[in-house]
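*Asks:* Quick one: this structure, given as C-alpha cells, is what I'll be asking you about.
The values are calculated or read from the model by the stated rules, or taken from the named source; none is laboratory data. Keep in mind that what you see is a predicted model, and the values were worked out from it rather than measured. Methodologically, a virtual Cβ is constructed for each residue, glycine included, from the backbone with ideal geometry; neighbour enumeration extends over all protein chains shown. With ligands, DNA and RNA removed, areas are computed over all heavy atoms of the protein, side chains included. Shrake-Rupley method; radii C 1.70, N 1.55, O 1.52, S 1.80 Å.
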Amino acid sequence: MDAFKLMKELRANLEQEVYYLPKETGLSLIESTQENGNGVSAKCRDARVEDLWSLTSFFGYSTQTFVLAVNLLDRFLAMMKVQPKYLACISISCLHIAARVTEEECNGSSSHELIRISQCKFTVSDLSRMEKIISEKLNFQFKAVTALTFLHLYHAIILSHTSSRKNVLNLDKLEAELKACLCRIIFSKAKPSVLALSLLMQEIDALKSSDLLEIAHSIQRHLKISKADLAYWRGLVDQCMREYSSPECSKPDHRKLVWIVSRRTAQNLHSSYCSIPELPTIPEGVWDESESEDSSEDLSSGEESLSSSLGSDAEGTYFPSNFLSQRRRL
C-alpha cells in the first residue's frame, strides 16, 4: 500500500477511535476505588490484564487478540459497576470474544479450555451468559480501533518512506511495549493514536535516526496531535518502560507456553476436565434491567451494577510472572 492510501486509512481510523474509548469517568472511578472495597480497583483490573497476557501467550493468541480483549474489558468496566468477584468471568469472556473475532477458527480455544487453564470457578454456562451481557452492553461493537491499529499503520508509513533497512523499527518490540503499557489502567485513558505515536517516538529516539523522527513529526502534524499531549504520554510511556526494564520486574515468556506434567497429574487433569466448579452458576434473573438502571444513579458516568456469587478477586504483580511455574502450579 502506498503512502497516500496509508495516510487516508490513518485519517479514517482517527475519526473512528473516539467510538471505542472507555468512558474516562468510569476509569477514574476504578482508579479511586480502594482495595477490598465493593468495586473493582485499579490494582485488581491490572492483575486481570496481566492474567490475560499470560493466557494469550499460553494459547498462542496474537497481540491483536490481547489488545482487543483489554479494550472490551475496559469499555465494559467503565460503564458498569462491577463487584470484584465477577472480574475473572468478565475478563475471560472478553478474551474469548476477542479470540473469536481475530483468531483463525483452528487457533481458537474452547470455553472448557479457557476456564480450565485459567482455573476460575465458573461454568461454561456462566461464561456464555456473561459474553451475552458484554456483547449487548457494548452494542456488539467488537472490531475496535486500538493503539495496535495505529502502531501497524505508523510502521507501514515509515517503511513506505525509507529505502534503507538500517533503521527499520522492530514491530515485535513495539507490540511488546504496547502490551506492557496496557497492564496499567492509566494508558486506557490515552487516545490510541497518541499512545501508539508515543511508543513509536520512544523507539525512534533510541535509534537516533533524524530521518525517522521527521517522518514521525509529519504523522503528528497530519493527525493534529498537540506537542503537550504527546509529551505527557511519552513521559508516562518512558516511565513504564523503565520500570519494565528494571530487574525487579518479572516479565512474561512471550513464547507459546506448554505444560509439562507427570503422568499422575495428567490423569488427574483428565478426570477433572469437566468437573463441576465449587460455586453455583449465576442465577438467571440476576441482571434485571430495571434494577440495573436504578443502581446506576450513584455513579457520575452512568455505570450499572452486577451482583451474584462468582469467585475470584485477582491480585498480582505489575507484569505477569511465568504463568506455569509461579502463578498456576498444580
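*Asks:* Please identify the chymotrypsin sites (Phe, Trp or Tyr not before Pro) of region 82-178 that satisfy two criteria: DSSP loop assignment and at most 14 other Cβ atoms within 10 Å. Which are they?
*Replies:* Those satisfying the criteria are Phe140.
*Asks:* On to the next question. For a quick check of understanding: with a 1.4 angstrom probe and all protein chains in place, what accessible area in square angstrom does Ser245 have, to the nearest ten?
*Replies:* 90 Å²
*Asks:* If I model a spin label as a point 7 Å beyond the Cα along the Cα-Cβ vector, how far apart are those points for Glu136 and Ser110 in nm?
*Replies:* 2.8 nm
*Asks:* Now, a different point. Out of region 2-102, which GluC sites (Glu not before Pro) are coil in DSSP terms and have no more than 15 other C-beta atoms within 10 Å?
*Replies:* Glu35
*Asks:* Return the distance in nm (one decimal) between the two label points of a simple spin-label model at Gln239 and Leu213, each offset 7 Å from Cα along Cα→Cβ.
*Replies:* Spacing of the two 7 Å Cα→Cβ label points: 2.4 nm.
*Asks:* Rolling a 1.4 angstrom probe over the protein chains, ignoring ligands and nucleic acids, what is the accessible area of Cys44 in square angstrom, nearest 10?
*Replies:* Approximately 10 Å² for this residue.
*Asks:* Could you tell me which of Met130, Tyr61, Gln83 has its Cα farthest along the dipole of region 48-142 towards the positive end, charges placed at Cβ (Lys, Arg +1; Asp, Glu -1), taken about the Cα centre?
*Replies:* So the residue furthest toward the plus end is Gln83.
*Asks:* Skip the ligands, DNA and RNA, and give the accessible area per residue of region 89-247 with a 1.4 Å probe, whole Å².
*Replies:* 44 Å²
*Asks:* Let me spell out the model: positive unit charges on the Cβ of Lys and Arg, negative unit charges on the Cβ of Asp and Glu, origin at the Cα centre of region 106-154. What dipole size does that give, in debye rounded to 20?
*Replies:* Working: 6 positive and 4 negative charges, 14 e Å.
Here the size comes out at about 60 debye.
*Asks:* If you scale each eigenvalue of the Cα gyration tensor by 5 and take the root, what three semi-axes come out for region 10-108, rounded to whole angstrom and sorted largest first? Don't jump to the answer; show the numbers that get you there.
*Replies:* On the way: eigenvalues 113, 71, 19 Å².
For region 10-108, the semi-axes come out at 24, 19, 10 Å.
*Asks:* If I take every Cα pair under 8 Å that is 6 or more residues apart in region 25-174, average their sequence separation and divide by the length, what percent do I get for the relative contact order?
*Replies:* Details: 137 pairs, mean separation 33.7, N = 150.
Contact order relative to length: 22 percent.
*Asks:* Let me ask something else about it. So how much slack lies between Ser32 and Ser125, counting 0.36 nm per residue of separation and subtracting their Cα-Cα distance, in nm?
*Replies:* Numbers: separation 93, 0.36 × 93 = 33.48 nm, distance 3.25 nm.
Value of the extension gain: 30.2 nm.
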